[in-house]
Amino acid sequence: MDCIFCKIIAGQIPSDVVYKDDKVIAFRDISPMAPVHLLIVPRQHIVSLNDVAEAQVTLVGHIVHVAKLLAKQQGIAEKGYRVVINCGRDGGQAVQHLHVHLLGGRELVNGLG
Ligand code: AMP
């Protein structure tokens, strides 16, 4: 499959991995918007939030839980951080594999676009 995140998960493209388990992988964004900018990605190829089935709701909860754990691990939990899912064209989704952005390490002032 021609999906850059599937290739990262398969180890075919290098990435700076900070966390893995049997369901998700997390790595540093190649073009960081903040001192801490991680992507948390399910191993399973799900195109976007629109494509999450009811049976995958637990997986999405797990991704958000991992974001919380990584915020602590990265030392940004106390000051705060932002967790973002872009969905579709108007949502600014560039990579067609569901992912959660974890951003922090600076004050994220200007809202939600
Ligand atoms: P989105 O706009 O929500 O689809 O976000 C996609 C993110 O993936 C962007 O922030 C990109 O910088 C990031 N990205 C694209 N290719 C790579 C890569 N090879 N390694 C790490 N991050 C990537």
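The values are calculated or read from the model by the stated rules, or taken from the named source; none is laboratory data. Keep in mind that this is a model prediction, so the values were computed, not measured. For neighbour counting, all protein chains shown are included, and Cβ atoms are generated from backbone atoms with ideal geometry for every residue, glycine included. Surface accessibility is based on the protein's heavy atoms, side chains included, excluding ligands, DNA and RNA. Shrake-Rupley method; radii C 1.70, N 1.55, O 1.52, S 1.80 Å.
With all protein chains in place and a 1.4 Å probe, the accessible surface of the chain carries 53 percent carbon and sulfur.
Return the single residue from ALA34, ALA53, ALA71 with maximal mean-square fluctuation; model: Gaussian network over the chain, springs between Cα atoms under 10 Å. Per the Cα network of the chain with a 10 Å cutoff, ALA53 tops the list.
Taking each DSSP H run with n ≥ 4 as -39500 (n - 2.57) and averaging over every residue of the chain yields -6000 deg cm²/dmol at 222 nm.
In order along region 83-96, the Karplus-derived 3J(HN,Hα) couplings, from 6.51 cos²θ - 1.76 cosθ + 1.60 at θ = phi - 60°, round to 10, 10, 10, 8, 10, x, 4, 5, x, x, 7, 9, 9, 8 Hz, and Gly and Pro are given as x.
Report, to the nearest 10°, how far helix 57-73 tilts away from the longest principal axis of the Cα atoms in the chain, using its own Cα long axis and a range of 0 to 90°. Approximately 40 degrees, to the nearest ten.
Projection of the Cα convex hull of the chain, averaged over all directions and equal to a quarter of that hull's surface, yields 7.2 nm².
Model label sites at THR58 and ILE4, defined 7 Å from Cα along the beta-carbon direction, differ in position by 3.2 nm. Accessible area per residue for the chain is 61 Å², calculated with a 1.4 Å probe on protein heavy atoms, without ligands, DNA or RNA. Isolated cysteines in the chain, defined as those with no second cysteine Cβ under 4.7 Å, comprise CYS87. So, R0 is 25 Å and r is the distance between the beta-carbons of ASN110 and GLN73; what FRET efficiency does that work out to, to 0.05? E(calc), rounded to 0.05, equals 0.40. Computed over all pairs of different Cα atoms, the Kirkwood value for the hydrodynamic radius of region 48-106 is 12.4 Å.
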